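Bear in mind that the values in this text are calculations on the coordinates, not laboratory data. Since the model is a prediction, treat every value here as computed from it, not as a measurement. Glycine also receives a Cβ, built like all others from the backbone with ideal geometry; neighbour counts cover every protein chain displayed.
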Amino acid sequence: MNSHPHPTIDSAVSPWVTRYAHLIKASGRVLDVACGSGRHVRWLASQGHQLTGLDRDAQALAGLQGVARCVMADIENGPWPLPGETFDGVVVTNYLWRELFPTLLQSLAPDGVLIYETFAQGQQTVGRPARAEFLLQPGELLRQCSTLRVVAFEDGFEPAQPRYVQRIVAVNEVPRQGLQGLPTPPRHELRGLPMTEPGAGS
């Protein structure tokens, strides 16, 4: 299912996934799309989630038996294999097939979390993938997730890799009312940044 080769660095669990996975409800149902050999499937399962790994590579999925429900399907050339199913978390890394975005959003349960990370425009100047259909345009994930509550977004160049990457975390937020009938804003806890004292900014 992976439409382009993954660089070797992608054998490690993505810090973007580990930083924001706490937003997925405890013991939640999580779908990893184009999961490959399952680096995120295994890590998310270790956090207590119930995993479904989706990929077209039967050999890759074979190594995930007993860790996740494995679904083999070529979603680019066939029907969506999980019609009507929703998940508390949907994870996609290093995979882009634009026709899939509406299905991904429909697959989010109420308060479900989308964690998405893949290569962006500019990658063609430093390595693979280089074809435009595999590279997100500036701000594209924001546009695709316009109906969701965006908690975090990045779009830029990582010189240590080097690579151009775009990432988003977005929630299928359910409005809530407090005791006075007023909206109660949800708390999507941000982690991983140094704390500063109130008023410390310039």
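Over the chain, what is the mean sequence separation of C-alpha contacts under 8 Å (at least six apart), divided by residue count, expressed as relative contact order in percent?
Worked out over the chain, it gives 17 percent.
For the chain, build the charge dipole from Cβ charges (+1 Lys, Arg; -1 Asp, Glu) around the Cα centre, then report which of Phe157, Ser146, Gln47 sits farthest towards its positive end.
Farthest along the dipole direction, towards plus: Gln47.
Looking only at the chain, where both bridge partners belong to it, what percent of the DSSP beta bridges are antiparallel (to the nearest 5)?
Roughly 45 percent of the beta bridges in the chain run antiparallel, per DSSP.
Using packing as a proxy for protection, rank 43-50, 129-136 so that the peptide with the highest average count of other Cβ atoms within 10 Å comes first.
Per-residue Cβ counts within 10 Å, averaged per peptide and sorted highest first, yield 43-50, 129-136.
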